[in-house]
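Trainee: Provided herewith is a single structure, encoded as structure tokens, for subsequent inquiry.
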């Protein structure tokens, strides 16, 4: 059966993140996936231009927002979830393995007692396989660790939102060298998606880097296209080959530009920890 889900993408040219507003046309209920707060690290200032685009779309379409979904705790941009909740509502939600990430962050940044490690900053923590609704449209959260321990893929009306786990076929997969990341686990997560879902399944990705690719921005693909063409995990590539490739490639990657403020804020559900200054370096070696 053809999906009725309406998908509206908004692209952040700085972090190369695609935020999605998805909605049920029958009930006018919506969810926001992977929002972005504009941040300039050179002058340490933030703005809400991208988040305001999300708000404007929701208002223009007459939507009632039910969820603010995070596919994982992002390290390359700051979530606008707190700002969006204030202006359009919705429950902040993420995978329940965020608690393991929070414990790690509290230790390495020596965060104060106001930084909770039980996930209580979020309104809802999804378990693997948990089902939920956006209006009358059925959705499910699937645990897809590897990039981080807490990555989730959301299946909404049969459409996938994979976060950082899978990129465009000519870009491959996300890095696996963050704390708790695992190339072996990533391979299993990706192959589970690609081998259990119909080839025609539509997939929306969270990041794209078209520069130097001689193509336009790509944010939508299919399971069949990934199985045929993904440069890292297409059919025929072994787990051992993937692990070797990822280890070699990840060793060449710099830290994301905004990693220090983003992980502290995003680990606290898009808010600064009360009584805490943002620490701009790690207290302990983490990579």
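Trainee: Using a Förster radius of 35 Å, what is the FRET efficiency between residue 215 and residue 237 based on their Cβ-Cβ separation? Nearest 0.05, please.
Mentor: Values: r = 22 Å, r/R0 = 0.64.
Efficiency for this residue pair is about 0.95.
Trainee: May I pose another question? Over all directions, the average projected area of the alpha-carbon convex hull for region 18-177 comes to how many nm²? Write down the numbers at each step before the final one.
Mentor: On the way: hull surface 41.6 nm².
Result: a mean projected hull area of 10.4 nm².
Trainee: As a footprinting exposure proxy, order 140, 29 by other Cβ within 10 Å, with the fewest listed first. The partial results should precede the final answer.
Mentor: Working: 140 16, 29 20.
Going from sparsest to densest Cβ surroundings: 140, 29.
Trainee: How do 11-19, 143-151 rank on mean C-beta neighbours within 10 Å, highest first? Don't jump to the answer; show the numbers that get you there.
Mentor: Working: 11-19: 18.2, 143-151: 25.3.
Highest to lowest by the protection proxy: 143-151, 11-19.
Trainee: According to the Cα gyration tensor, what semi-axes, each the square root of 5 times an eigenvalue, does the equivalent ellipsoid of the chain have, listed from largest to smallest in whole Å? Walk me through the numbers on the way to the answer.
Mentor: Working: eigenvalues 136, 124, 63 Å².
Over the Cα atoms of the chain, the ellipsoid semi-axes are 26, 25, 18 Å.
Trainee: Under 10 Å, Cα contacts only: if you run a Gaussian network model on the chain, which one of 227, 246, 215 comes out with the highest mean-square fluctuation?
Mentor: 215
Trainee: Turning to a different aspect of this structure: From the helices alone, meaning DSSP H stretches of at least four residues, give me the mean residue ellipticity at 222 nm for the chain, per-run term -39500 (n - 2.57), in deg cm²/dmol to the nearest 500.
Mentor: Values: 7 runs with 73 residues, N = 287.
Taken over the chain, the calculation gives -7500 deg cm²/dmol.
Trainee: Given the C-alpha centroids of region 87-122 and region 210-256, what is the distance between them in whole angstrom?
Mentor: Rounded to whole Å, the Cα centres lie 29 Å apart.
Trainee: Could you pull the Cα extents of region 91-145 along its three principal axes, largest to smallest, in whole Å?
Mentor: Principal extents (largest minus smallest coordinate, Cα): 43, 22, 11 Å.
Trainee: Evaluate 2.2 N^0.38 Å with N set to the residue count of region 205-274, then give the Cα radius of gyration divided by it. Mind showing how you got there, number by number?
Mentor: Numbers: Rg = 16.6 Å, N = 70, 2.2 N^0.38 = 11.1 Å.
After normalising by residue count via 2.2 N^0.38 Å, the value is 1.50.
Trainee: Among 171-182, 48-59, how do they line up from the highest to the lowest mean number of other beta-carbon atoms within 10 Å?
Mentor: 171-182, 48-59
Trainee: Restricting to Cα atoms and excluding each atom paired with itself, what does the Kirkwood estimate give for region 107-197 in Å? Each step should come with its number before you reach the end.
Mentor: Numbers: mean 1/r = 0.0678 Å⁻¹.
One over the average 1/r among Cα pairs gives 14.7 Å for region 107-197.
Trainee: Over the chain, what is the percentage of antiparallel beta bridges among all DSSP beta bridges, to the nearest 5? Before the final figure, lay out each step's value.
Mentor: Details: 33 of 46 bridges.
Percent antiparallel among DSSP bridges in the chain is about 70.
Trainee: To continue, here is another question. Short version: what are the Cα gyration tensor semi-axes of region 133-251, square root of 5 times each eigenvalue, largest first, in whole Å?
Mentor: On the way: eigenvalues 96, 58, 38 Å².
Values for region 133-251, descending: 22, 17, 14 Å.
Trainee: Shifting gears a bit: Who wins for biggest fluctuation among 163, 236, 135 in a Gaussian network model of the chain, springs between alpha carbons below 10 Å?
Mentor: 236
We did not get these values from a lab; they are worked out from the coordinates using the rules stated. Everything quoted here is computed from the prediction, not taken from an experiment. Because the Cβ atoms are built from the backbone with ideal geometry, glycine has one as well, and the counts that use them run over all protein chains shown.
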